[in-house]
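Data block below; observations after.
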Amino acid sequence: MNPVRAVLPVLLSLSVTAHAQVAPPCALANIVDDGAYSTLTIGQYSEADQDDASYTWAECRAAKLRKELAAFPMLSARMDGLRKQYREMRALEGQLAGIRAGGGTLFSHAVPRTYPLLEDQLLGLSALARSPLGARTGQLYSRKIAQATADHIAYVLTLQTFKPDPDLVSSAYNPQEWKVAVNRYEALGLAIMKTLGSRGDAATALGYSILNSTTFGAGDPF
């Protein structure tokens, strides 16, 4: 027998087996947490690969949540809207922190790595919104909402009053661009609070808490 013909079926078999062992991204992401997903999908570590793993895991979980909310189209649309707004806030937090620091890739890499936590938070929020537990009101929830609002306002105020050290001013800082970014950040926060409302219940309190799961603090020294 031709030795090539003898070996070929074995090679084909190994190839099929190898492909079968590589799970589609969302099949894996939907059954393991983001840390495990990174472990199982990143070969030789790089910052870009970690960014991609975090982003992919979050996108898979977002798609999974949409399927779970198929019978609740209004809630699904609200979660999609909040996701988009919260992600933009996280991106602005990274951008503004990078400007304060005078640049650096650390700040852009941090943004997609906040997405898995956000998906966990949105999953909990959507579950509460469908549960009688989410509609429970109480002074604790009202205080949580008031505190989250105050913390967010303080964060925005810190950004608005930021003045770079004259000795450390870099090309990364442009006063006009800074103002535009901060104004956008403030507008996003107001839009989210309008969506969430002010009812002192558990679901609303959780939604407000996400406002302050920031990528970086407004006054973090770098």
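Nothing in this text is a laboratory measurement; each read-out follows from the coordinates by a stated rule. What you see is a predicted model, and the numbers here were worked out from it, not measured in a lab. Heads up, the Cβs are rebuilt from the backbone with ideal geometry, glycines too, and the neighbour counts pull from every protein chain shown.
Computed from label points 7 Å out along Cα-Cβ, the spacing between Ala172 and Ala154 is 2.5 nm. Straight-line cross-link partners of Lys179 among the lysines, defined as a Cα under 22 Å from its Cα and at least 8 positions apart when in the same chain: Lys84, Lys163. The phi-based Karplus calculation (6.51 cos²θ - 1.76 cosθ + 1.60; θ = phi - 60°) puts the 3J(HN,Hα) values of segment 61-66 at 5, 5, 5, 5, 5, 4 Hz, whole numbers, x for Gly and Pro. In plain terms, the C-alpha convex hull of segment 99-222 casts an average shadow of 8.2 nm² when viewed from every direction.
For segment 125-188, the Kirkwood estimate of hydrodynamic radius, built from reciprocal distances between every pair of different alpha carbons, is 14.9 Å. Within the chain, all pairs of alpha-carbon atoms sorted by distance into 10 Å bins from zero give the percentages 7, 26, 28, 20, 9, 5, 3, 1, 0. What the phi angles of segment 128-144 give under the Karplus curve with 6.51, -1.76 and 1.60, with θ = phi - 60°, is a coupling list of 5, 5, 9, 10, x, 5, x, 8, 5, 9, x, 4, 4, 5, 4, 5, 4 Hz, glycine and proline written as x. Here the peptides 153-161, 121-129, 42-50 are ranked by packing, the mean other Cβ count within 10 Å, and the order with the highest first is 121-129, 153-161, 42-50.
Extending 7 Å from Cα along the Cβ direction at Gln139 and again at Leu190 yields two label points whose distance is 3.3 nm. Helix 73-101 and the long axis of the chain differ in direction by around 80°, with both axes built from C-alpha atoms. Taking the alpha-carbon centroid of each part, what is the distance from segment 65-135 to segment 170-222 in angstrom? Comparing the Cα centres of segment 65-135 and segment 170-222, I get a distance of 12 Å.
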